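Rule-based calculations on the coordinates, nothing more; no lab input. This is a predicted model, so every value here is computed, not measured. With ideal geometry, Cβ positions are generated from the backbone for all residues, glycine too; neighbour counts draw on all protein chains shown.
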């Protein structure tokens, strides 16, 4: 049988099955004890006291930006800085909220937003920055936060691809006003679907929950609110329970995802250690090809979660190399191209010439699997394929 190495890996543990069955036995699918415990423990792992579990990483980003709009009075057409290399959701949510994404080129080694490129894009209408911790590697947050303070900008950390790692001793998710994570299949912590918002100001929690529940009055955000019997509260509850005080969305999640997330948290240390081991094996084997492939770079002071293992071809044809890997059982993806997406060309025209690093990545970048479901033989397989491919280049 031909070897198959998928991009992601999911294992439903015995505890995950037990927690899911417990939620079903409790006859509780809406927000309950498993989701509450998952939110609390995930937040604590990332240096915050609380978080909000929502339907996807995209939903997390959207409700976080909607909260900033409400808190700071952004107007339609105000600008939000986003990196020129990221998953399309980062800038889509800006457009969907009637704001304007302004793109910033990325660092040629880390592929994260380049702090030295930010200020030239700031105008009187710039309101926020969304740095994206790409592929498992934290952004260079010190200069980003310094720029944000200087220009009075809010910050949302898009950490959908990066969990459980630190930048200069601080966890990702502890820098911005909000940080957003994803628990989608093939990500680091998997619940099937899901996203998480952590926040600097804990008083924002109920507003975020309101936004993800159609903009509902915060007096009623949980069916357990029905179980309070003080007469004065019941009177207010009945009057306001079906009151909607802001624009909102239907982005709730179920107890089943909360149960899966809680179980997955119990295995994060071993999962992260396995990914690191596979990444180290890749680097050891593929270092032979450093004249033709740029391997991942981890700056001093940063940890890397290796949600995937990014490669940038210096020679050869990226598309041909990717196809060769795919034909031999190794799944690949291009390295999060944004500016050359058909819809973005339609909206903004051809911007790649203005973003030379992003343009190079769009033409020559891809990533390969790096997860706890792999072993050294899988890495050797990628090595042998790479060796064979570059013999002909």
For the chain, just say rounded, prolate or oblate: build the C-alpha gyration tensor, square-root its eigenvalues into a ≥ b ≥ c, call rounded for a/c under 1.5, and beyond that prolate if a/b exceeds b/c, oblate if not. oblate
Could you tell me which of rounded, prolate or oblate describes the range 207-349, using a ≥ b ≥ c as the square roots of the eigenvalues of the alpha-carbon gyration tensor, with rounded for a/c under 1.5 and, failing that, prolate when a/b is larger than b/c and oblate otherwise? prolate
Residues 130, 278, sorted so that the one with the fewest Cβ neighbours within 10 Å comes first: 278, 130
Taking the chain as a Gaussian network, Cα atoms linked when under 10 Å apart, which of 360, 183, 198 shows the biggest mean-square fluctuation? 360
Sorting 151, 133 on the 10 Å Cβ count, fewest up front, what's the list? 151, 133
In nanometres, what is the gap between the two model label sites at residue 377 and residue 334, each 7 Å from Cα along Cα-to-Cβ? 3.4
For residue 18 paired with residue 300, estimate the spin-label separation in nm (one decimal), with each label point 7 Å from Cα along the Cα-to-Cβ line. 4.6
Go ahead and run the numbers for FRET between residue 231 and residue 152, Cβ-Cβ distance against an R0 of 56 Å, rounding to 0.05. 0.75
Report, in deg cm²/dmol and to the nearest 500, the calculated mean residue ellipticity at 222 nm for the chain, where each DSSP H run with n ≥ 4 adds -39500 (n - 2.57) and the sum is divided by the residue count. -11500 deg cm²/dmol
Could you identify which residue out of 274, 91, 182 has the top mean-square fluctuation in a GNM of the chain using Cα springs shorter than 10 Å? 274
For the residue pair residue 170 and residue 249, what label-to-label distance in nm results when each label sits 7 Å from Cα along the Cα-to-beta-carbon direction? 2.7
Shape of the range 268-391 from its Cα gyration tensor (a ≥ b ≥ c, root eigenvalues): rounded if a/c is under 1.5, otherwise prolate when a/b > b/c, or oblate? prolate
Gaussian network model of the chain, Cα springs within a sub-10 Å range: biggest mean-square fluctuation belongs to which of 371, 304, 381? 381
Cβ-derived FRET efficiency at R0 22 Å, residue 317 paired with residue 384, nearest 0.05: 0.70
Which whole-number percent gives the relative contact order of the chain, counting Cα pairs below 8 Å spaced six or more residues apart? 22
Per principal axis, largest first, the Cα atoms of the range 231-305 extend in Å by 72, 28, 23
